[in-house]
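S.K.: Shown below is the structure under consideration.
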Amino acid sequence: MNLDILAVALVTAVATSLIGVFLVLRKLSMMTDAIAHTVLLGIVLMFLWVRDLNSPWLVFGATLSGLFTVWLIETLRRVRFVKEDAAIGMVMTMLFSVAILLLSTRLRRTHLHVETVLLGQLEFVMFERTTLPWIGSWPTSLVILSGVLVANVLFLGFFYKEYKVLSFDRTLAHVLGFSPWLLHYLFMTLISLTSVAAFNAVGAILVIAFMVGPVMSARLLTHRLPRLVALTLIVAVFNTLMGYLIAFRWDLNTAASMATMTLLSFLAILIAAPKQGLLSRLWQHHQQTHTIHMLTLITHLKHHEQDDNVAVESNPNTLYEHFNWPQRKTQKLIHRSQKHGYIEQKDAIIRVSPKGWQFYAHATRTL
Amino acid sequence: MPIKHFGVMSVFNLGFTLTVVMLGTMVLGILGGVLGTLLVLRRQALMGDALSHATLPGVMLAFMLFATRSLEVLLIGAFLSASVAYGLMLLIKRHTLLQWDAAMALMLAGFFGFGQWLLSIIQRQGTAAQAGLSRFIFGQAATMLREDVIRLTVVSAVMLIILIGLLKEFKTAVFDPDFFSSLGRSAPGIEWLLRGMTLVFIVLGIRLVGVVLISALLIAPVLTAQQWSVRFHRVLLLSAFIGGVSGLVGTYLSATRANVPTGPVIVFVLGLLFLISILVAPKEGLLRKSFEWHRLKRTLTLYAPLIHLYEQPEGTLRLEDVVRYEVQGYVLKDQDQWRLTAKGEAKVKAMKKVILDES
C-alpha cells in the first residue's frame, strides 16, 4: 500500500469537496466544468514559455486561464446576449481545442500528453518530489495540494458569512455592502487554483466529480449549512478510502476508482436518503394517497349521514358505484379504514367512528 | 487504392479516403447546426457535453461483454449508457431539490470516471484489442471507413428529414411549449424526439471529434449564425451551412498536415468563424457598432448647438456655427433671433432618436 498516493488522494478530495459546497450552492457547476477544461490552455502556454513541467509558473498560468475563461463567458453573456449555458459550451470547447492543437503540433515530444491532463496520473505522484526545509522530502503534488487546501480553508473560513449570504441571497449581499463582483472573482480564483492543483493527480474531468459529488450527496441528507460542510467532507473521505482500497486490491486506476465510488455513493444516497431519497419519497407518496382516499371516504359518509337513503349511499358493497371507482380499490379502501379503526360497520351500513372523526378533524385542519 | 476522380472533389485531387471522411464530417456538421439551433433555443446547450462524456462506460461495457471492436456494438453501448445518464439527470431534477447543472456535472464526470475505471480493468486483462478504445475519448476521423461514412450519412439524412418535416412542430414547441400543448399536440413527445436525436448525434459524432469537443458542433454554429440574424429559419439555415463548411474545411486542414487531430481543427475553424462574425456581422457586429459610435460622436460635436437652440429658442449661436448651419438650411434669421427651420427641427429630432436608441 502506497501512503503517498493515499495522502494525495485524501488531500485532493478534501480540498475539492470543500470548495464544492459553495460551488454547487452558487450554481456554478458547469462553469467549473469549463474552467477544469480550459486550465489546460494556461498550462500549455506557460509550458511553451518555461519548458518545465514542474514550474510553479504553470500553476500561475493555469489559474489565470481559468479566470480568463470566467471573464470570457461573462463578457459573451453581457455583450452578445448569449445564454449562459451556450456561452460556457462555446468558450470551453474553443480554448480546449486551441490547447489540443498546440499540444499536438508544438509539444509532441514532451511528456505533457492530453491523456494525462484529462485523466491524471495519481499512480505516479510519488516520483516527483520536493524537499522542504525541516520536514524533508514529499511528493510535489502533495505539497501543492496541501497549500491549496490551507488556502481554501482559510479563505472560506474567513469569508464564510459573506459566501453564505451570497449563496442564498445575492441582493441582500449587495445591500449589506459586500462587493458581489469581487467575491465572485475571488471565489473563481480559488476554484481555478484548486482545479489546477488537483488536475495533476486526478485529471481535468474527474476533478468535477470530486467537487460536485460529495456535496450533492450531503445535500440529500441535510439542509443546514454547517452540517452540509461536515457531511460533504465525510462523504468525500469515504469515497476516497473506498476507491483507493478497490483500486489497490485489484490494481486498477485509482482516480477513476474514486470517481466511480463518488457516483455510486451518490446513487445509493439518492435512493435511500431518509427524507429526500427516492424510496422515502415513494413511500411518502404512497401514504399520502392512502390518507386522501380515506378522507374521501369519510367525507362521503359524513355527507350522507343524515340522508334518507343512507342505506344505499353507505352500503360497503355498492359504494364503488357512488365513487365511480373500481370495486377492488373501494373494497381495499374500506378494509384499510376499518383496520385503522376510522369506520364501523353495522347491518350493511358503514359509519364513521369517533377515531375517524378525530382523524378527519386533524387532517382537514392541517390541509 | 486512391481513386483520383470522385465526384466534384476531383478538382482538388483529394484521395478517396479523405473525400469520404470530409463528406462524413460535413454531414455531421450540418446535422449539428440544425439540431444545435433547437437545443440552444431550448437552453439545453450543455446537454451534448454531458451526454458525450457519459457514453464512455457503455463503450467499455459493450467491449467487455461482447469482446468485440465491432463499431455497431460499441455505439449501441454508448447510446445506452448516455441514455441511462440522461434518465438519472431527469430523475434527480424531478424528485429532488438538487440543481440541474449540478446533476449534469456529476453525471458527466461520474460516468466518465466509471468508464475510465472499466478501461483500467480492460487494460489489466491486457486484451490485444483495447487499443482502439481510447479513440473514443479524443476522436479520430482519419480512421473512418467507407461503411462508417455511409452509415453516418444515412442516419443523419433520416434525422434531417424528420427535423425538416416536423420543423413547424419543433419551432412551436421550442418557442412556446404551452401553446403547442394547447393545440392538442404532444410537447413531451417532441421533447423526447429532440432528446433521442441528440443522443444519436452524439453517439455518431464522438468517433469523429471526441467526447470533449462534440458539444462545439452543437453550439458554435448556432451562436455564429445568431450574430447574423435573429429569424429562426435564417439562423437554422446559416447554422447548418456553417456546421457543414467547418466540418469540410477542418477535416481538409487536419488531413493535409501530419499529426493534427481532426476534432480540434474543426472546432478551431468554428471558433474563427465565430470571431469573424462577431467583428463583421452587419447589424450587431463590433466593427459596425464602433463605426456607428464614432459617427454619432462626430454628428454630436458638429450639431450639438442645434439641440441647444431647439431646447432654448431664445439662446444664441456662435458665429462660425451659424454660418455653416445657414448654408445647410437648418436655421433662419427671424427678427434678430436665429430660429430652426423645419429641416433643422427634423435634424434635431433624428439626432435625439439616435441618442435614445443608443442609451
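S.K.: Please identify the pairs in which a residue from segment A:267-284 that is within 14 Å of residue B:91 (Cβ to Cβ) and facing chain B (nearest Cβ under 9 Å) has its Cβ atom under 7 Å from the Cβ atom of a residue that is outside any helix (DSSP H, G or I) and β-branched (Val, Ile, Thr), counting only partners at least 6 apart or on another chain.
M.R.: Pairs that qualify, where the first residue is within 14 Å of residue B:91 (Cβ to Cβ) and facing chain B (nearest Cβ under 9 Å) and the partner is outside any helix (DSSP H, G or I) and β-branched (Val, Ile, Thr), are A:276/B:96.
S.K.: Mind checking which residues of segment B:71-107 are closer than 30 Å to residue B:147 by Cβ and among the β-branched types (Val, Ile, Thr)? Break it down stepwise before answering.
M.R.: Let us first name the residues in segment B:71-107 that are closer than 30 Å to residue B:147 by Cβ, namely B:71-86.
Answer for segment B:71-107, where residues must be closer than 30 Å to residue B:147 by Cβ and among the β-branched types (Val, Ile, Thr): B:73, B:76, B:84.
S.K.: Still on this structure: Among the residues of segment B:83-91, are any surrounded by fewer than 24 Cβ atoms within 10 Å (Cβ to Cβ), within 10 Å of chain A (Cβ to nearest Cβ) and modelled with pLDDT of 90 or more?
M.R.: Within segment B:83-91, one or more residues are surrounded by fewer than 24 Cβ atoms within 10 Å (Cβ to Cβ), within 10 Å of chain A (Cβ to nearest Cβ) and modelled with pLDDT of 90 or more.
S.K.: Do we find that residue B:77 is buried (at least 21 other Cβ atoms within 10 Å of the Cβ), more than 14 Å from every other protein chain (Cβ to nearest Cβ) and under 15 Å from residue B:112 (Cβ atoms) in this structure?
M.R.: Working: buried (at least 21 other Cβ atoms within 10 Å of the Cβ): yes; more than 14 Å from every other protein chain (Cβ to nearest Cβ): yes; under 15 Å from residue B:112 (Cβ atoms): yes.
Taking the combined requirement at face value, the residue satisfies it.
S.K.: Then there is this: Filter segment A:251-263 for residues that are under 15 Å from residue A:234 (Cα atoms) and more than 7 Å from every other protein chain (Cβ to nearest Cβ); which is surrounded by the fewest Cβ atoms within 10 Å (Cβ to Cβ)?
M.R.: Result: A:261.
S.K.: Kindly establish whether residue B:332 is outside any helix (DSSP H, G or I), surrounded by 15 or more Cβ atoms within 10 Å (Cβ to Cβ) and not assigned by TED's automatic domain parsing to the domain that holds residue B:19.
M.R.: Yes; evaluated as a whole, the condition is true for this residue.
S.K.: Related question: If residue B:74 satisfies all but one of (1) modelled with pLDDT under 90; (2) in a helix (DSSP H, G or I); (3) within 23 Å of residue B:177 (Cβ to Cβ), what's the number of the condition it fails?
M.R.: Of the numbered conditions (1) modelled with pLDDT under 90; (2) in a helix (DSSP H, G or I); (3) within 23 Å of residue B:177 (Cβ to Cβ), the odd one out for residue B:74 is (3).
S.K.: Counting only residues that are exposed (fewer than 13 other Cβ atoms within 10 Å of the Cβ), give me the helices (runs of 4 or more DSSP H) lying completely in segment A:268-367 with at least 3 of them.
M.R.: Details: elements: A:278-303, A:310-313, A:319-323, A:327-340, A:354-366.
Result: A:278-303, A:327-340, A:354-366.
S.K.: Is it the case that some residue within segment A:288-297 is over 30 Å from residue B:96 (Cα atoms) and not aromatic (Phe, Trp, Tyr)? Full working, then the answer.
M.R.: The initial filter retains those residues of segment A:288-297 that are over 30 Å from residue B:96 (Cα atoms), namely A:297.
Right, trim to not aromatic (Phe, Trp, Tyr) and you get A:297.
The answer is yes, given that some residue of segment A:288-297 is over 30 Å from residue B:96 (Cα atoms) and not aromatic (Phe, Trp, Tyr).
S.K.: Can I ask one more? Are there any helices (runs of 4 or more DSSP H) wholly within segment A:145-231 with 1 or more residues that are at pLDDT 85 or above, and if so which?
M.R.: Details: elements: A:160-168, A:170-175, A:180-202, A:206-219.
Answer list for segment A:145-231: A:180-202, A:206-219.
S.K.: Looking at segment A:238-250 only, could you name the residues that are more than 10 Å from chain B (Cβ to nearest Cβ), aromatic (Phe, Trp, Tyr) and surrounded by fewer than 19 Cβ atoms within 10 Å (Cβ to Cβ)?
M.R.: Within segment A:238-250, A:238, A:248 qualify.
S.K.: Only one of A:99, A:87 is in contact (Cβ under 8 Å) with a residue 40 or more places away in the chain, of a type in the set (A, V, I, L, M, F, W, C) and within 14 Å of chain B (Cβ to nearest Cβ); which? Break it down stepwise before answering.
M.R.: On the way: A:87 fails: in contact (Cβ under 8 Å) with a residue 40 or more places away in the chain.
Being in contact (Cβ under 8 Å) with a residue 40 or more places away in the chain, of a type in the set (A, V, I, L, M, F, W, C) and within 14 Å of chain B (Cβ to nearest Cβ) holds for just one of A:99, A:87, which is A:99.
The values are calculated or read from the model by the stated rules, or taken from the named source; none is laboratory data. All of these numbers come straight from a predicted model, not from anything done at the bench. Glycine also receives a Cβ, built like all others from the backbone with ideal geometry; neighbour counts cover every protein chain displayed.
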